[in-house]
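Below you'll find the structure I mean.
The values are calculated or read from the model by the stated rules, or taken from the named source; none is laboratory data. For clarity, every value in this text was computed on a predicted model and none was experimentally measured. Don't worry about glycine lacking a Cβ; one is built from the backbone with ideal geometry, like all the others, and counts go over all protein chains shown. Each accessible area value is taken on the protein alone, full model and side chains, heavy atoms only, with ligands, DNA and RNA left out. Shrake-Rupley method; radii C 1.70, N 1.55, O 1.52, S 1.80 Å.
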Amino acid sequence: MNRRLLLAAGCLALLAITSGCLGIGTGPVSADRLDSEPSEPYEWETNRTTHITIQENTQFRTVMETNSSTIELYRRDGFGGTNPLSVQSVRYRYPNGTVITGSEIQNRSGEVRQTRDETIVELPEGAPPSGGALAFTSGGTPKRFTLPTYVEGTYEVVLPPNRRLDFPIFGQVSPGNYETTPDENGQVHVIWAEPVTADTISIRFYLQRDLYIFAGIVALVGVVGGGGLFYYRRQIDRLRQQRLEMGIDVEIDDDDDDGPPPGMR
């Protein structure tokens, strides 16, 4: 029985390895994903090379200026490798302002395809290597945003509503040399006005209510700890009183040096 389990486990492991090598799960991204509508219009008119808006559902919308006819989108896996970035609602805007969908990119001899390591976007035929802009939507994680810097230049990240960075334990931004400013809706913008040279930008943020929850936990721990200390002291005092009543603890007068200790006379 154990031999059969080992054999089955080996077959599964072999299948997982060979599926990656054979490229299962790779190929052109479907038109349904490419042409889906973004949750809100993309921020085409931006002063930054890359503009990112983090949504409340942890997804984010990105608009980035193109400086090459091929753009490789990926996430680092923490083991020295990369995984393809899952994209949807892909759009490309020509320098003259014309916007086309992801499937139109493919119909114009461009490409949006996924490999085992990255998602590759080939600009449509006739698109200049620079001057245009690529937009897409992808997914993230709650209260933390991390993304490689696919293109060199300035960056701006808009946090979801009611998110903050002020408290050091919960709010962190990397790399440094950034500034923050709220907009008319109170949403915080994290801006790198100088070109970013780091390989990755990372932002940890929090809801205002998280501070209240944290303060409540600290207060509760303080009350419980204080109550426990008070109870411990009361028990010590009670034990001391009991020992005195039983005559176990006897105070000795330091000024009386005559004779042996009490009980030995």
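Given 0.36 nm per residue, what is the gain on full extension from GLU184 to GLU152 after removing their alpha carbon distance, in nm?
Working: separation 32, 0.36 × 32 = 11.52 nm, distance 2.84 nm.
The GLU184-GLU152 span can extend by a further 8.7 nm.
Once you keep just the Cα pairs under 8 angstrom separated by 6 or more residues, what percentage relative contact order results for segment 72-158? Each step should come with its number before you reach the end.
Numbers: 125 pairs, mean separation 28.4, N = 87.
Relative contact order, segment 72-158: 33 percent.
Residues with beta-carbon under 12 Å from that of SER69, excluding SER69: net charge, scoring Lys, Arg +1 and Asp, Glu -1?
Values: positive: none; negative: GLU72, GLU111, GLU122, GLU125.
Charge balance near SER69 sits at -4.
By the scheme Lys and Arg +1, Asp and Glu -1, what is the net charge of all other residues having a beta-carbon under 14 Å from that of THR200? Spell out each step's value before the answer.
Values: positive: ARG75, ARG76, ARG144, ARG204; negative: ASP77, GLU152, ASP199.
So the environment of THR200 carries a net charge of +1.
Suppose the chain between SER39 and ASN177 were pulled fully straight at 0.36 nm per residue; how much longer would it get relative to their current alpha carbon spacing?
Values: separation 138, 0.36 × 138 = 49.68 nm, distance 3.07 nm.
Result: 46.6 nm gained on full extension.
Sequence gap at least 6, Cα distance under 8 Å: using those rules, report the relative contact order of segment 78-121 to the nearest whole percent.
Numbers: 44 pairs, mean separation 17.3, N = 44.
Relative contact order comes out at 39 percent.
Residue by residue, what Karplus-based ³J(HN,Hα) values in Hz, rounded to whole numbers, does segment 139-153 have, using 6.51, -1.76 and 1.60 with θ = phi - 60° and x for Gly and Pro?
Each residue of segment 139-153 in turn: x, x, 10, x, 6, 8, 10, 9, 7, x, 8, 5, 10, 6, x Hz.
In segment 81-196, what percent of the accessible surface is made up of carbon and sulfur (1.4 Å probe, ligands and nucleic acids excluded)? Don't jump to the answer; show the numbers that get you there.
Values: 2350 of 5400 Å².
Of the solvent-accessible surface of segment 81-196, carbon and sulfur hold 43 percent.
Now for a separate question. How do ASP77, ASP32 rank by accessible surface area computed with a 1.4 Å probe, from largest to smallest? Walk me through the numbers before you get to the answer.
Values: ASP77 55, ASP32 135 Å².
These residues rank, largest area first, as ASP32, ASP77.
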